[in-house]
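Step one of this worksheet: look at the structure below.
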Amino acid sequence: MTVKILYEDSYTLVVEKPQGMPVQKDSSRNQDLLSEIGFMLKLQGKLSSDQTLHLINRLDRPVGGLVLMAKSPAATRYYSHLLKENSL
């Protein structure tokens, strides 16, 4: 499946999740969005080997759409706070 990064900066990514792809690893062992994007960014040198991506929102497997990811724990806390306050 083709995964598109629609926006990227030092802290965040907005990714288009294709229908049928899980957002993160599950028991099916199918290719998942989080692993795929992390692998792509590490190959491109945009994410260090010790860095991990963090999901801000999730979509069910059958649904396609936009997923927000953070590149650091601080960005994750920031966006999680905005979601909690309905400010995102």
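Please work out how many pairs of lysine residues in the chain are eight or more positions apart (or on different chains) and have Cα atoms closer than 15 angstrom.
Values: 4/17; 17/25; 42/71; 46/71.
Within the chain, the lysine pair count is 4.
With charges set only on the Cβ (+1 for Lys and Arg, -1 for Asp and Glu), what does the dipole of the chain come to about its Cα centre, in debye to the nearest 20? Numbers along the way, then the final one.
Working: 11 positive and 9 negative charges, 22 e Å.
Charge dipole of the chain: 100 debye, to the nearest 20.
Take the chain, compute every pairwise Cα distance, and split them into 10 Å bins from 0; I just need the percent in each bin.
17, 51, 30, 3
Could you state the accessible area per residue of the chain in Å², with a 1.4 Å probe and every protein chain left in place?
Numbers: 5680 Å² over 88 residues.
Here the residues of the chain average 65 Å² of exposed surface.
Identify which of 44, 19, 31 has the largest mean-square fluctuation in a Gaussian network model of the chain, with springs joining Cα atoms closer than 10 Å.
44
For the range 1-40, what is the Kirkwood estimate of the hydrodynamic radius, computed as the reciprocal of the mean inverse distance between distinct Cα atoms, to one decimal in Å?
Numbers: mean 1/r = 0.0933 Å⁻¹.
Every distinct Cα pair counted, the radius reaches 10.7 Å.
Output the relative contact order of the chain, whole-number percent, from Cα pairs under 8 angstrom with separation of 6+ residues. Walk me through the numbers on the way to the answer.
On the way: 139 pairs, mean separation 26.0, N = 88.
Computed value for the chain: 30 percent relative contact order.
Only helical DSSP H runs with n ≥ 4 go in: add -39500 (n - 2.57) per run for the chain, normalise by residue count and round the 222 nm mean residue ellipticity to 500 deg cm²/dmol. Show your work: numbers first, answer last.
Details: 2 runs with 23 residues, N = 88.
That calculation yields -8000 deg cm²/dmol at 222 nm.
At 0.36 nm per residue, and after removing the present C-alpha to C-alpha distance, how many nm does the segment from residue 9 to residue 49 gain when stretched out fully? Spell out each step's value before the answer.
Working: separation 40, 0.36 × 40 = 14.40 nm, distance 1.79 nm.
Full extension of this stretch gives 12.6 nm more.
The values are calculated or read from the model by the stated rules, or taken from the named source; none is laboratory data. Just so it is clear, the structure is predicted and the values come from calculations on it, not from any experiment. Note that each Cβ is placed from the backbone with ideal geometry, even for glycine, and that neighbours are counted across all protein chains shown. The protein model used for the area step is the full one, side chains on, heavy atoms only, and it has no ligands, DNA or RNA in it. Shrake-Rupley method; radii C 1.70, N 1.55, O 1.52, S 1.80 Å.
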